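Please read the structure below before turning to the comments.
The values are calculated or read from the model by the stated rules, or taken from the named source; none is laboratory data. Keep in mind that this is a model prediction, so the values were computed, not measured. In this analysis, Cβ positions are derived from the backbone assuming ideal geometry, glycine residues included, and neighbour counts consider all displayed protein chains. Calculation scope for accessible area: heavy atoms of the full protein, side chains included, ligands and nucleic acids excluded. Shrake-Rupley method; radii C 1.70, N 1.55, O 1.52, S 1.80 Å.
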Amino acid sequence: MRYSYPVTQHVLSILPLCLLLLLVTATIGTSAEVIPFYRAYRAAHPDTTYYMKLLTDWGNPAMYIIYAGILIAARKRHDARLTRFVMAYILVQLAVSFLLVRIFKVAIGRPRPGVDGLYMPWSFDSAHNSLPSGHTAEIIGSTIPLTYFFKNHIVPLLLGCYAALLGFSRVYLEMHHTSDVFFGILLGSFSAYVIHTIWNRD
């Protein structure tokens with residue numbers, strides 16, 4: 001049986017973060033303006049910064065618990081298709097969100113926000129491994145596949161808002177440029193598509 005790709009669910013899942021990045025760019029400006037803006041905001045709002053750090057550190061690991069729960073339920077019910085879904089998620093995330101993202105980071109060598117200097121291609125220095133955002137690629141690759149189980153529009157939007165907060169936290173905490181996060185969305189979207197393809201192969 002063939003399953004068509006749920007494009008609507010996908011779009012709704014990435015829409016909140018795309019709109020948030022657009023809003024940041026439209027209201028604050030380029031990276032040169034975004035960096036000092038949020039640097040000052042962090043200093044003035046330590047409580048917000050604390051929660052943003054909490055989200056950026058634990059937002060993705062929280063998804064591991066959800067997928068582990070799905071795997072346990074699949075094994076208890078002897079559901080081979082659901083087990084394949086989780087295994088596809090694990091393999092694709094390892095290949096894309098960890099390996100491919102790392103290759104791009106090292107090969108491109110873009111300086112992180114606030115780091116002086118030019119691009120340093122093939123650099124293993126973390127300060128020049130800004131593009132793309134690995135946190136964003138991972139959260140997008142984790143949240144979109146969960147929407148495959150829901151036909152409504154509420155769940156994709158809620159998961160999209162969660163992903164948007166995590167992606168935004170990377171800009172807020174001066175770890176990534178907005179464009180880094182955007183390319184993280186693209187890679188995470190690729191992950192989600194591959195997961196769906198493997199899960200629903202003949």
Inset, instruction - Filter the stretch 49-61 down to the residues that are within 18 Å of the chain's Cα centre (by Cα) and free of Cβ contacts under 8 Å to residues at least 40 places away in the same chain, then identify the one that is most open to solvent (accessible area, probe 1.4 Å). - result: 58
Inset, instruction - Identify all residues within the stretch 62-91 that are without any contact (Cβ under 8 Å) to a residue 60 or more places away in the chain, open to solvent by 40 Å² or more (accessible area, probe 1.4 Å) and not small (Gly, Ala, Ser); write none if there are none. - result: 64, 65, 71, 72, 75, 76, 77, 78, 79, 87, 90
Inset, instruction - Filter the stretch 4-56 down to residues that are of a type in the set (Gly, Ala, Ser) and within 29 Å of residue 191 (Cα to Cα), then give me how many there are. - result: 4
Inset, instruction - Mind listing whichever residues of the stretch 151-187 are closer than 11 Å to residue 12 by Cβ and over 13 Å from the mean Cα position of the chain (by Cα)? - result: 152, 153, 154, 155, 156, 157, 158
Legend entry - Selection count, the stretch 112-147, where residues are of a type in the set (A, V, I, L, M, F, W, C) and either open to solvent by 40 Å² or more (accessible area, probe 1.4 Å) or more than 22 Å from the chain's Cα centre (by Cα) (or both): 5
Legend entry - Selected residue (criterion: farthest from residue 176 (Cα to Cα)) from residues of the stretch 1-14 that are open to solvent by less than 50 Å² (accessible area, probe 1.4 Å) and in a helix (DSSP H, G or I): 9
Inset, instruction - Please tell me if residue 127 is without any contact (Cβ under 8 Å) to a residue 60 or more places away in the chain and at negative phi. - result: yes
Inset, instruction - Please go through the stretch 15-48 and pick out each residue that is of a type in the set (A, V, I, L, M), over 15 Å from residue 175 (Cβ atoms) and open to solvent by 30 Å² or more (accessible area, probe 1.4 Å). - result: 15, 19, 20, 22, 23, 26, 28, 32, 40, 43, 44
Legend entry - Of all residues in the stretch 38-88 being among the polar types (S, T, N, Q) and touching a helix residue (DSSP H, G or I) at 6+ places or on another chain (Cβ under 7 Å), the one that is farthest from residue 28 (Cα to Cα): 83
Legend entry - the stretch 163-193: number of residues that are aliphatic (A, V, I, L, M), surrounded by fewer than 19 Cβ atoms within 10 Å (Cβ to Cβ) and closer than 11 Å to residue 144 by Cα: 0
